[in-house]
Amino acid sequence: MAFSLAVAGKGGTGKTSLAALLIQSLIERQEGPVLAVDADPNPNLAYALGYLATKTISELRNELLDHIRNLPPAVTKDDYLEMGIQECLWEGQGVDLLVMGAGEGPRCYCAVNSVLRRCIDRLRGAYRYVVMDNEAGLEHLSRCTTQDVDVLLVVSNGLPVSLQAATRIHALTERLALRIGQQYLVLNNVENHDGASFAAQAKQTGLELLGVVPSDGHLQHLSQKGESLTRLSEDSAARTAVRQILKAALSRTAPALGKAEGPAVGADHRR
């Protein structure tokens, strides 16, 4: 069974950048194969990974609805879905991408989320890791998209509004009793290095602080231009910090990968 990491947080906190850098770090560690899932109706993970646009789960579901009455008797909905999943997968070097896409109406994503969960369940066995970039806010939690997750990383930039969002995310996961192994706070795009301040912010959310990603001018430039974060230098501050965050997350939840640590600062496989 794949080890799964999910990233959540308020919009603008850099959760997609964090997800992309986590995926790159797994590839660097040769820990693949990795399934990257963009579960945001406004998808950006493909751009961050340097991938081209791919067919989305939303499009697959719409096709199924259009053709369901004309399916041959021997072809079930599950058969059609199985065939369509392969069309939705963008296959890269060490990582494949699955994109949810928009719903069928304004703010109506429940049915697409259901299909997405089924697709992930079908694919999970073929990968060692799954990394999911969730939509901003809380909706993905109430629709139970974010469950059966080993590690949930809740991202905040340290501002009061994003810390409040992190607090609400944590509270909602507890109230809904979602199947999430461990939850941690990640402070992202931070300019100061005040350890006491970091600890106070984590305490406010009720989450344990796993790591801090410092502000990185090059990353911000690439993100603003919509360019791939694969162009980020190997020794960039953000990339280095995310490597440490990944190492800490894996060591705490997968003992065979290493000893537990404190907060971190600073081939064809599919068929």
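The values are calculated or read from the model by the stated rules, or taken from the named source; none is laboratory data. Just so it is clear, the structure is predicted and the values come from calculations on it, not from any experiment. As a convention, Cβ positions derive from the backbone with ideal geometry for all residues, glycine included, and neighbour counts pool all protein chains shown.
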Original post:
In the stretch 24-43, how many are farther than 14 Å from GLU135 by Cα and not aliphatic (A, V, I, L, M)?
Top reply: 8
Subject >> the stretch 77-92: number of residues that are part of a strand (DSSP E or B) and either in contact with a strand residue (DSSP E or B) (Cβ under 7 Å, 6 or more places away or on another chain) or among the hydroxyl-bearing types (Ser, Thr, Tyr) (or both) >> reply: 1
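This table checks each residue for (1) modelled with pLDDT of 90 or more; (2) surrounded by fewer than 20 Cβ atoms within 10 Å (Cβ to Cβ); (3) assigned to a strand (DSSP E or B); (4) in contact with a His (Cβ under 8 Å, 6 or more places away or on another chain).
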| position | (1), (2), (3), (4) |
| --- | --- |
| THR13 | yes, no, no, no |
| ILE23 | yes, no, no, no |
| PRO43 | no, no, no, no |
| ALA53 | no, yes, no, no |
| LEU64 | no, yes, no, no |
| ILE68 | no, yes, no, no |
| VAL75 | no, yes, no, no |
**OP:** Kindly list the number of the only condition in (1) surrounded by fewer than 23 Cβ atoms within 10 Å (Cβ to Cβ); (2) modelled with pLDDT of 85 or more; (3) closer than 30 Å to GLU87 by Cα; (4) of a type outside the set (Lys, Arg) that fails for GLN164.
**Re:** (3)
Original post:
How many residues does the stretch 82-96 contain that are surrounded by fewer than 15 Cβ atoms within 10 Å (Cβ to Cβ) and of a type in the set (D, E, K, R)?
Top reply: 2
**OP:** Could you tell me whether TYR184 is surrounded by 16 or more Cβ atoms within 10 Å (Cβ to Cβ), modelled with pLDDT under 80 and of a type in the set (Phe, Trp, Tyr)?
**Re:** no
Subject >> In the stretch 25-40, residue farthest from GLY125 (Cα to Cα) [restricted to those that are outside any helix (DSSP H, G or I) and over 13 Å from the mean Cα position of the chain (by Cα)] >> reply: ARG29
Subject >> Selected residue (criterion: modelled with the lowest pLDDT) from residues of the stretch 93-134 that are in a loop (DSSP other than H, G, I, E, B) and over 17 Å from the mean Cα position of the chain (by Cα) >> reply: ARG107
